[in-house]
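Following: one structure in structure tokens, then a few remarks.
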Amino acid sequence: MLIKNKNLEDMDLSRTKIDGFNFEKTQRSLKDMDLSRNKIRSDGVDALMKSLWSNRALTALNLRLNAVCDKGGISVGAGGISVGAALSHNSTLCTLDLMGCDLGDSGCVPIFNALGAAKHKALMSDNVATRR
């Protein structure tokens with residue numbers, strides 16, 4: 001039903017225990033997506049970021065308090081690299097909330113690099129790399 005709704009601009013799926021979401025299946029009208037406090041891990045973030053390559057409507061994505069890192073919070077591995085690549089490629093997304101996702105240095109570096117090249121705002125406090 002949501003996929004067929006051409007007027008949907010905001011979607012809040014926070015606290016629903018989902019492990020990923022594919023934007024390619026949504027209408028082009030979706031601008032704000034809240035997926036905070038779910039069970040999205042590194043592979044789920046990879047799928048989300050891959051779908052951002054073709055999405056030109058989404059302006060805000062909230063992934064706050066998802067366990068997008070490898071066990072122990074040391075690094076986000078492929079998840080962080082795909083976030084950085086998606087941010088470099090997508091000029092529509094303005095705000096990405098990754099607060100409390102236990103991103104490590106290897107996850108934060110590609111994201112920070114992508115932020116320098118585009119007009120994105122990333123909320124990244126309360127992560128391993130930002131707690132120093």
What residues of the range 85-112 lie in the reach of a label at Leu123, counting those whose backbone N is under 11 Å from a point 7 Å from the Cα along Cα→Cβ? 95-100
Interchain or sequence-distant (5+) residues whose placed amide H lies within less than 5 Å of the amide H of Leu123 are Leu96, Asp97, Leu98
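Each value in this text was obtained by applying a stated rule to the coordinates, not by laboratory testing. These numbers come from a predicted model, not from an experiment. Positions of Cβ are backbone-derived with ideal geometry, glycine not excepted, and every protein chain shown enters the neighbour counts.
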